[in-house]
1. Being within 28 Å of I108 (Cβ to Cβ) and either in a helix (DSSP H, G or I) or modelled with pLDDT of 80 or more (or both) is the filter here; which residues of the stretch 15-47 pass it?
2. Can you name the residue in the stretch 73-92 that is assigned to a loop (DSSP other than H, G, I, E, B) and within 16 Å of L49 (Cβ to Cβ) and, of all such residues, is modelled with the highest pLDDT?
3. Take K110 and decide whether it is among the basic types (K, R) and either assigned to a strand (DSSP E or B) or under 14 Å from the mean Cα position of the chain (by Cα) (or both).
4. What is the number of the single condition among (1) in contact (Cβ under 8 Å) with a residue 40 or more places away in the chain; (2) hydrophobic (A, V, I, L, M, F, W, C); (3) over 15 Å from K121 (Cβ atoms) that V67 does not meet?
Amino acid sequence: MAKALSSAITPLIILTITIITSTILYSTFTQTFGSITFSPETLHNIEILQIKNGSISQIILYNPNPVPVKITEVLLGDTSTPFTLKYANMTVCKENTIPPNSMAILNINKPIDEQKTIYLKSENKIIAYYTKGP
């Protein structure tokens, strides 16, 4: 009977340890690196691959969709900010549109380090956002 009880409890202990470890790793990751989340509002989600902060901040974006996606607004926190969208060869994207299955560089003429949240919008719908950890 002790062996049966032990074999029944062992998976529960392993599951509990796994949940605790995953929770600790997730909270450590989000505090250190921030969390990258995509909004479910539209089918055209844009992936934020990398953020480089500086006097001109750059965000590397990827459009995995089979259709082009136009970025109409960039919000730093609650404030709309001017931006330029360029291809990897630094030529300006026409009409701020990222072609299908392509990468682009979003340039913002201000540091974004102190911003907790960055939103990218297309036609008043959020297509991607980046949120730093707590």
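The values are calculated or read from the model by the stated rules, or taken from the named source; none is laboratory data. Given the structure is predicted, the values throughout are model-derived calculations rather than measurements. Cβ placement follows ideal geometry from the backbone for every residue including glycine, while neighbour counts extend to all protein chains displayed.
1. Result: F29, T30, Q31, T32, F33, I46, E47.
2. Here the residue is Y87.
3. No: the conditions fail for K110.
4. With respect to (1) in contact (Cβ under 8 Å) with a residue 40 or more places away in the chain; (2) hydrophobic (A, V, I, L, M, F, W, C); (3) over 15 Å from K121 (Cβ atoms), V67 is out only on (1).
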